[in-house]
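The values are calculated or read from the model by the stated rules, or taken from the named source; none is laboratory data. Quantities reported herein were computed from a predicted structural model and do not represent experimental measurements. Don't worry about glycine lacking a Cβ; one is built from the backbone with ideal geometry, like all the others, and counts go over all protein chains shown. Protein only, heavy atoms only, side chains kept; ligands, DNA and RNA dropped before computing areas. Shrake-Rupley method; radii C 1.70, N 1.55, O 1.52, S 1.80 Å.
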Amino acid sequence: MSASRALVPGDALRDDQRRGLAALFGDAVRFDEPLAPRTSMRVGGPAAALVNICDVGSLIALLDFCQSQGVVWTILGLGSNVLVHDEGFAGIVIRLGGSFTAIAITGTIMHAGGAAPIAAVCRQAAQYGLRGAEPLVGVPGTVGGAIRMNAGTNVEIGDLVRRVEVVSAGKDVRAVTLPEFSYRSSTLARDAVVCAADLELQRGDPVEVRRELRRRIQERNASQPLELPNSGSIFRNPAGDHAARLIESAGCKGWHCGGAEVSPKHANFIVNRGGATCADVLELIERVRAAVKRDSGIELETEVHVL
Ligand SMILES: Cc1cc2nc3c(=O)[nH]c(=O)nc-3n(C[C@H](O)[C@H](O)[C@H](O)COP(=O)(O)OP(=O)(O)OC[C@H]3O[C@@H](n4cnc5c(N)ncnc54)[C@H](O)[C@@H]3O)c2cc1C
(Lines give C-alpha, C1' and ligand atoms only; values in the text may rest on other atoms or scores of the structure.)
Protein backbone atom coordinates (compact mmCIF):
# COMPACT_ATOMS: atom_id res chain seq x y z
CA MET A 1 0.00 0.00 0.00
CA SER A 2 1.35 3.42 -0.88
CA ALA A 3 2.08 5.47 2.21
CA SER A 4 3.45 8.84 3.13
CA ARG A 5 5.46 8.95 6.30
CA ALA A 6 8.91 9.81 7.54
CA LEU A 7 11.58 7.31 8.44
CA VAL A 8 10.72 5.40 11.58
CA PRO A 9 13.65 3.72 13.38
CA GLY A 10 13.75 0.02 12.55
CA ASP A 11 11.63 0.69 9.50
CA ALA A 12 14.38 0.83 6.90
CA LEU A 13 14.77 -1.83 4.21
CA ARG A 14 16.47 -4.89 5.61
CA ASP A 15 19.65 -6.21 4.00
CA ASP A 16 17.87 -9.31 2.67
CA GLN A 17 15.18 -7.06 1.12
CA ARG A 18 17.89 -4.93 -0.50
CA ARG A 19 19.48 -8.06 -1.93
CA GLY A 20 16.09 -9.31 -3.14
CA LEU A 21 15.36 -5.99 -4.86
CA ALA A 22 18.79 -5.88 -6.50
CA ALA A 23 18.35 -9.47 -7.75
CA LEU A 24 14.95 -8.68 -9.25
CA PHE A 25 15.56 -5.23 -10.69
CA GLY A 26 19.36 -4.96 -11.19
CA ASP A 27 20.51 -1.57 -12.46
CA ALA A 28 17.00 -0.14 -12.17
CA VAL A 29 17.43 0.07 -8.38
CA ARG A 30 19.34 2.77 -6.54
CA PHE A 31 19.78 2.52 -2.81
CA ASP A 32 19.84 5.52 -0.45
CA GLU A 33 19.03 7.75 -3.40
CA PRO A 34 18.72 11.50 -2.66
CA LEU A 35 15.19 12.70 -3.39
CA ALA A 36 15.71 16.47 -3.07
CA PRO A 37 16.91 16.80 -6.71
CA ARG A 38 13.81 14.89 -7.81
CA THR A 39 11.38 17.38 -6.26
CA SER A 40 10.68 20.90 -7.37
CA MET A 41 11.24 22.31 -3.82
CA ARG A 42 14.68 20.63 -3.69
CA VAL A 43 14.47 19.64 -0.02
CA GLY A 44 14.44 16.37 1.89
CA GLY A 45 16.47 13.25 2.45
CA PRO A 46 17.03 10.01 0.53
CA ALA A 47 14.77 7.11 -0.36
CA ALA A 48 15.86 3.76 1.07
CA ALA A 49 15.50 2.59 -2.54
CA LEU A 50 14.37 4.16 -5.78
CA VAL A 51 13.33 1.84 -8.60
CA ASN A 52 12.98 2.99 -12.19
CA ILE A 53 10.22 1.01 -13.85
CA CYS A 54 9.73 1.02 -17.62
CA ASP A 55 6.96 -1.52 -18.30
CA VAL A 56 3.78 -2.89 -16.76
CA GLY A 57 5.24 -6.36 -16.07
CA SER A 58 8.04 -4.89 -13.94
CA LEU A 59 5.57 -2.65 -12.13
CA ILE A 60 3.40 -5.63 -11.19
CA ALA A 61 6.49 -7.53 -10.04
CA LEU A 62 7.66 -4.61 -7.88
CA LEU A 63 4.26 -4.11 -6.24
CA ASP A 64 4.14 -7.86 -5.55
CA PHE A 65 7.56 -7.63 -3.92
CA CYS A 66 6.48 -4.68 -1.75
CA GLN A 67 3.31 -6.46 -0.71
CA SER A 68 4.89 -9.82 0.08
CA GLN A 69 7.72 -8.14 2.02
CA GLY A 70 5.48 -5.63 3.79
CA VAL A 71 7.60 -2.78 2.42
CA VAL A 72 6.11 0.71 2.28
CA TRP A 73 6.20 2.27 -1.19
CA THR A 74 5.12 5.38 -2.98
CA ILE A 75 5.17 6.64 -6.52
CA LEU A 76 6.91 9.83 -7.53
CA GLY A 77 6.10 11.70 -10.71
CA LEU A 78 8.07 14.88 -11.36
CA GLY A 79 7.93 15.74 -7.65
CA SER A 80 6.17 19.07 -8.24
CA ASN A 81 3.60 18.54 -5.52
CA VAL A 82 5.54 16.67 -2.86
CA LEU A 83 7.82 17.51 0.03
CA VAL A 84 10.20 14.89 1.34
CA HIS A 85 11.04 14.82 5.06
CA ASP A 86 14.66 15.59 5.89
CA GLU A 87 15.02 12.05 7.29
CA GLY A 88 14.03 10.70 3.89
CA PHE A 89 11.58 7.99 2.89
CA ALA A 90 12.06 4.62 4.54
CA GLY A 91 10.59 2.52 1.76
CA ILE A 92 10.68 2.17 -2.00
CA VAL A 93 10.05 5.11 -4.31
CA ILE A 94 8.79 4.05 -7.74
CA ARG A 95 9.62 6.18 -10.78
CA LEU A 96 7.94 5.37 -14.10
CA GLY A 97 9.78 5.85 -17.39
CA GLY A 98 10.15 4.03 -20.71
CA SER A 99 6.80 2.99 -22.17
CA PHE A 100 4.99 5.02 -19.50
CA THR A 101 6.08 8.27 -21.18
CA ALA A 102 4.51 7.45 -24.56
CA ILE A 103 1.78 9.57 -26.13
CA ALA A 104 -0.41 8.44 -29.05
CA ILE A 105 -3.26 10.30 -30.73
CA THR A 106 -6.28 8.76 -32.46
CA GLY A 107 -8.77 11.33 -33.72
CA THR A 108 -9.45 13.57 -30.74
CA ILE A 109 -8.39 11.03 -28.11
CA MET A 110 -4.91 11.32 -26.66
CA HIS A 111 -3.58 8.15 -25.03
CA ALA A 112 -0.89 9.35 -22.64
CA GLY A 113 1.38 7.31 -20.37
CA GLY A 114 1.29 7.89 -16.62
CA ALA A 115 4.80 9.35 -16.71
CA ALA A 116 4.22 11.57 -19.76
CA PRO A 117 4.92 15.18 -18.75
CA ILE A 118 1.95 17.54 -18.96
CA ALA A 119 4.24 19.82 -21.01
CA ALA A 120 4.50 17.04 -23.65
CA VAL A 121 0.72 16.53 -23.59
CA CYS A 122 0.20 20.24 -24.34
CA ARG A 123 2.92 20.32 -27.00
CA GLN A 124 1.58 17.26 -28.84
CA ALA A 125 -2.00 18.49 -28.63
CA ALA A 126 -0.91 21.74 -30.28
CA GLN A 127 1.02 19.86 -32.98
CA TYR A 128 -2.11 17.89 -33.88
CA GLY A 129 -4.32 20.98 -33.72
CA LEU A 130 -6.22 19.69 -30.71
CA ARG A 131 -7.54 22.09 -28.11
CA GLY A 132 -8.71 21.56 -24.54
CA ALA A 133 -5.41 20.90 -22.76
CA GLU A 134 -4.21 24.54 -22.80
CA PRO A 135 -5.36 25.32 -19.22
CA LEU A 136 -2.96 22.61 -17.99
CA VAL A 137 0.11 24.18 -19.59
CA GLY A 138 2.67 25.15 -16.96
CA VAL A 139 1.62 22.38 -14.56
CA PRO A 140 5.11 20.89 -14.16
CA GLY A 141 4.01 17.32 -13.44
CA THR A 142 3.14 14.04 -15.12
CA VAL A 143 -0.18 12.67 -16.30
CA GLY A 144 -0.24 10.24 -13.32
CA GLY A 145 0.51 12.96 -10.77
CA ALA A 146 -2.04 15.27 -12.39
CA ILE A 147 -4.74 12.58 -12.25
CA ARG A 148 -4.00 11.84 -8.58
CA MET A 149 -4.22 15.58 -7.79
CA ASN A 150 -6.86 16.52 -10.40
CA ALA A 151 -4.45 19.25 -11.40
CA GLY A 152 -5.49 22.20 -13.47
CA THR A 153 -6.72 25.75 -13.43
CA ASN A 154 -10.13 26.76 -14.78
CA VAL A 155 -10.12 23.36 -16.51
CA GLU A 156 -8.82 20.37 -14.54
CA ILE A 157 -7.40 17.16 -16.00
CA GLY A 158 -10.46 15.31 -14.68
CA ASP A 159 -12.58 17.25 -17.19
CA LEU A 160 -10.61 15.60 -20.00
CA VAL A 161 -10.06 12.07 -18.65
CA ARG A 162 -12.24 9.35 -20.19
CA ARG A 163 -10.37 6.21 -19.10
CA VAL A 164 -7.51 5.42 -16.75
CA GLU A 165 -5.34 2.29 -16.79
CA VAL A 166 -3.99 1.36 -13.39
CA VAL A 167 -2.02 -1.35 -11.67
CA SER A 168 -2.80 -1.87 -7.99
CA ALA A 169 -0.88 -3.73 -5.31
CA GLY A 170 -2.01 -7.33 -5.06
CA LYS A 171 -3.56 -7.37 -8.57
CA ASP A 172 -1.57 -9.03 -11.30
CA VAL A 173 -3.22 -7.31 -14.24
CA ARG A 174 -3.69 -3.82 -15.51
CA ALA A 175 -7.27 -2.60 -14.84
CA VAL A 176 -9.37 0.15 -16.39
CA THR A 177 -11.11 2.69 -14.19
CA LEU A 178 -12.64 6.16 -14.26
CA PRO A 179 -12.15 7.94 -10.94
CA GLU A 180 -14.41 10.76 -9.80
CA PHE A 181 -12.70 14.11 -9.68
CA SER A 182 -13.18 17.10 -7.41
CA TYR A 183 -11.11 20.17 -6.58
CA ARG A 184 -7.47 18.96 -6.35
CA SER A 185 -8.43 15.38 -5.61
CA SER A 186 -9.63 12.19 -7.21
CA THR A 187 -11.10 8.93 -5.97
CA LEU A 188 -8.18 7.03 -7.49
CA ALA A 189 -7.40 4.26 -4.97
CA ARG A 190 -4.36 5.08 -2.84
CA ASP A 191 -2.61 1.88 -3.92
CA ALA A 192 -3.31 2.42 -7.64
CA VAL A 193 -0.54 3.46 -10.02
CA VAL A 194 -1.67 5.30 -13.13
CA CYS A 195 -0.07 3.59 -16.14
CA ALA A 196 -1.90 5.56 -18.83
CA ALA A 197 -5.02 7.59 -19.49
CA ASP A 198 -7.23 8.61 -22.40
CA LEU A 199 -7.86 12.35 -22.60
CA GLU A 200 -10.59 13.68 -24.83
CA LEU A 201 -9.67 16.87 -26.69
CA GLN A 202 -11.41 18.82 -29.45
CA ARG A 203 -10.42 19.82 -32.92
CA GLY A 204 -9.01 23.33 -33.02
CA ASP A 205 -6.85 25.69 -34.95
CA PRO A 206 -3.16 24.88 -34.30
CA VAL A 207 -2.21 28.55 -34.49
CA GLU A 208 -4.87 29.48 -31.93
CA VAL A 209 -3.86 26.61 -29.65
CA ARG A 210 -0.21 27.71 -29.73
CA ARG A 211 -1.17 31.33 -29.08
CA GLU A 212 -3.24 30.29 -26.05
CA LEU A 213 -0.37 28.15 -24.71
CA ARG A 214 2.02 31.11 -25.01
CA ARG A 215 -0.45 33.46 -23.35
CA ARG A 216 -0.93 31.15 -20.38
CA ILE A 217 2.82 30.58 -19.97
CA GLN A 218 3.44 34.33 -19.99
CA GLU A 219 0.70 34.79 -17.38
CA ARG A 220 2.38 32.21 -15.12
CA ASN A 221 5.83 33.73 -15.60
CA ALA A 222 4.45 37.09 -14.54
CA SER A 223 2.57 35.87 -11.46
CA GLN A 224 4.59 32.92 -10.10
CA PRO A 225 8.11 32.87 -8.58
CA LEU A 226 9.38 30.32 -11.10
CA GLU A 227 12.99 31.49 -10.75
CA LEU A 228 13.27 29.73 -7.35
CA PRO A 229 12.53 26.12 -6.31
CA ASN A 230 8.94 25.76 -5.08
CA SER A 231 6.06 23.28 -4.95
CA GLY A 232 3.37 25.36 -6.59
CA SER A 233 0.40 26.26 -4.41
CA ILE A 234 1.04 25.16 -0.84
CA PHE A 235 -2.58 25.48 0.32
CA ARG A 236 -5.87 24.55 -1.31
CA ASN A 237 -8.20 27.44 -1.98
CA PRO A 238 -11.03 27.39 0.57
CA ALA A 239 -14.58 27.48 -0.86
CA GLY A 240 -15.30 30.90 -2.33
CA ASP A 241 -11.90 32.41 -1.53
CA HIS A 242 -8.23 32.29 -2.48
CA ALA A 243 -5.51 31.03 -0.16
CA ALA A 244 -3.11 33.64 -1.59
CA ARG A 245 -5.48 36.52 -0.71
CA LEU A 246 -5.93 35.22 2.85
CA ILE A 247 -2.18 34.76 3.34
CA GLU A 248 -1.43 38.23 2.02
CA SER A 249 -4.11 39.78 4.17
CA ALA A 250 -2.67 38.00 7.25
CA GLY A 251 0.61 39.80 6.48
CA CYS A 252 2.67 36.67 5.78
CA LYS A 253 4.23 37.66 2.45
CA GLY A 254 8.02 37.64 2.82
CA TRP A 255 7.96 35.64 6.08
CA HIS A 256 10.81 33.19 6.23
CA CYS A 257 12.07 30.27 8.19
CA GLY A 258 15.66 29.22 7.48
CA GLY A 259 15.96 29.14 3.69
CA ALA A 260 12.20 28.93 3.11
CA GLU A 261 10.23 32.09 2.32
CA VAL A 262 6.61 32.98 1.61
CA SER A 263 7.08 34.37 -1.88
CA PRO A 264 6.69 38.14 -2.10
CA LYS A 265 5.47 37.54 -5.68
CA HIS A 266 2.71 34.99 -4.94
CA ALA A 267 1.63 34.47 -1.32
CA ASN A 268 0.50 30.86 -1.82
CA PHE A 269 3.99 29.83 -2.93
CA ILE A 270 6.81 29.02 -0.53
CA VAL A 271 10.18 29.28 -2.22
CA ASN A 272 13.52 27.72 -1.34
CA ARG A 273 15.90 30.68 -1.31
CA GLY A 274 18.82 28.28 -0.89
CA GLY A 275 19.67 25.82 1.87
CA ALA A 276 16.07 25.33 3.03
CA THR A 277 15.26 22.09 4.81
CA CYS A 278 11.95 20.30 4.76
CA ALA A 279 11.60 21.24 8.44
CA ASP A 280 11.94 24.94 7.47
CA VAL A 281 9.16 24.60 4.90
CA LEU A 282 6.87 22.68 7.25
CA GLU A 283 7.40 25.18 10.07
CA LEU A 284 6.63 28.08 7.74
CA ILE A 285 3.49 26.28 6.55
CA GLU A 286 2.30 25.96 10.16
CA ARG A 287 3.10 29.62 10.96
CA VAL A 288 1.15 30.78 7.92
CA ARG A 289 -1.76 28.46 8.71
CA ALA A 290 -1.92 29.85 12.28
CA ALA A 291 -1.68 33.47 11.08
CA VAL A 292 -4.51 33.01 8.56
CA LYS A 293 -6.65 31.30 11.20
CA ARG A 294 -6.09 34.24 13.59
CA ASP A 295 -6.74 36.81 10.88
CA SER A 296 -9.75 35.32 9.08
CA GLY A 297 -10.91 32.34 11.14
CA ILE A 298 -10.24 30.08 8.13
CA GLU A 299 -8.11 26.96 8.56
CA LEU A 300 -6.16 26.44 5.34
CA GLU A 301 -5.64 22.87 4.14
CA THR A 302 -2.31 21.85 2.66
CA GLU A 303 -2.37 20.93 -1.04
CA VAL A 304 1.18 19.64 -1.23
CA HIS A 305 1.76 15.96 -0.25
CA VAL A 306 4.44 15.20 2.35
CA LEU A 307 6.34 11.92 1.91
C1 LIG B 1 5.56 26.01 -10.41
C2 LIG B 1 4.39 25.09 -10.15
C3 LIG B 1 3.15 25.37 -10.69
C4 LIG B 1 2.07 24.52 -10.45
N5 LIG B 1 0.86 24.83 -10.98
C6 LIG B 1 -0.18 24.03 -10.75
C7 LIG B 1 -1.47 24.35 -11.27
O8 LIG B 1 -1.66 25.34 -11.98
N9 LIG B 1 -2.51 23.51 -11.00
C10 LIG B 1 -2.33 22.41 -10.23
O11 LIG B 1 -3.33 21.68 -10.01
N12 LIG B 1 -1.13 22.06 -9.74
C13 LIG B 1 -0.06 22.85 -9.97
N14 LIG B 1 1.16 22.51 -9.45
C15 LIG B 1 1.31 21.29 -8.63
C16 LIG B 1 1.77 20.04 -9.41
O17 LIG B 1 2.49 20.40 -10.57
C18 LIG B 1 0.61 19.14 -9.79
O19 LIG B 1 -0.08 18.67 -8.64
C20 LIG B 1 1.09 17.94 -10.61
O21 LIG B 1 -0.02 17.29 -11.14
C22 LIG B 1 1.90 16.93 -9.81
O23 LIG B 1 2.42 15.99 -10.73
P24 LIG B 1 3.81 15.23 -10.44
O25 LIG B 1 4.05 14.29 -11.54
O26 LIG B 1 4.88 16.22 -10.18
O27 LIG B 1 3.42 14.44 -9.12
P28 LIG B 1 4.27 14.30 -7.79
O29 LIG B 1 4.43 15.65 -7.17
O30 LIG B 1 5.49 13.52 -8.02
O31 LIG B 1 3.24 13.45 -6.92
C32 LIG B 1 2.01 14.03 -6.51
C33 LIG B 1 1.10 12.90 -6.01
O34 LIG B 1 0.72 12.10 -7.12
C35 LIG B 1 1.09 10.74 -6.90
N36 LIG B 1 1.48 10.18 -8.20
C37 LIG B 1 2.46 10.60 -9.03
N38 LIG B 1 2.48 9.83 -10.14
C39 LIG B 1 1.50 8.91 -10.01
C40 LIG B 1 1.03 7.82 -10.81
N41 LIG B 1 1.57 7.50 -12.00
N42 LIG B 1 -0.02 7.08 -10.35
C43 LIG B 1 -0.60 7.36 -9.15
N44 LIG B 1 -0.19 8.37 -8.34
C45 LIG B 1 0.84 9.13 -8.77
C46 LIG B 1 2.25 10.80 -5.91
O47 LIG B 1 2.40 9.59 -5.17
C48 LIG B 1 1.81 11.96 -5.03
O49 LIG B 1 0.87 11.54 -4.08
C50 LIG B 1 2.25 23.34 -9.68
C51 LIG B 1 3.52 23.04 -9.15
C52 LIG B 1 4.59 23.90 -9.39
C53 LIG B 1 5.95 23.56 -8.84
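Listed values, structure above:
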item	result
Convex hull of region 15-96 built on C-alpha atoms - directionally averaged projected area, nm²	5.0 nm²
Cα-centre dipole for region 227-306 with unit charges at Cβ (Lys and Arg positive, Asp and Glu negative), debye to 20	140 debye
Helical segments meeting 24 Å axial Cα length and Kyte-Doolittle -0.5 threshold in the chain (DSSP H)	278-296
Charge dipole (the chain, unit charges on Cβ, about Cα centre) - positive-most of Ser223, Ser249, Ser263	Ser223
Distant alpha-carbon pairs in the chain (separation over 24 angstrom), percent	55 percent
DSSP beta bridge pairing in the chain, given as percent antiparallel to the nearest 5	75 percent
Residue with peak Gaussian network fluctuation, the chain [Cα springs, cutoff 10 Å], from Ala49, Ala197, Ala61	Ala61
Rounded D (µm²/s) - region 142-266, Kirkwood Rh over Cα pairs, Stokes-Einstein at 10 °C, 1.306 mPa s	92 µm²/s
Charge dipole (region 1-110, unit charges on Cβ, about Cα centre) - positive-most of Leu83, Gly20, Pro34	Leu83
By average C-beta atoms within 10 angstrom, highest first, the peptides 32-45, 176-189, 81-94, 151-164	81-94, 32-45, 151-164, 176-189
Computed magnitude of the charge dipole of the chain (debye, nearest 20; Cβ of K, R +1, Cβ of D, E -1)	580 debye
Probe 1.4 Å, accessible area per residue of the chain, Å²	44 Å²
Assigned charges on the beta-carbon of Lys, Arg, Asp, Glu; region 110-262 dipole about Cα centre (debye)	160 debye
Protein accessible area in the chain, 1.4 Å probe - carbon and sulfur %	50 percent
Where the Cα pairs of region 100-209 fall when distances are cut into 5 Å bins, in %	2, 14, 25, 27, 18, 9, 4, 1, 0, 0
Hydrodynamic radius (Kirkwood) for region 227-306, which is based on Cα pairs only, to one decimal in Å	12.2 Å
Using θ = phi - 60° and Karplus 6.51 cos²θ - 1.76 cosθ + 1.60, couplings along region 86-92 (whole Hz; Gly, Pro as x)	4, 6, x, 10, 6, x, 9
Positive-end residue, the chain charge dipole about Cα centroid, Cβ charges, pick of Thr108, Ser186, Ala291	Thr108
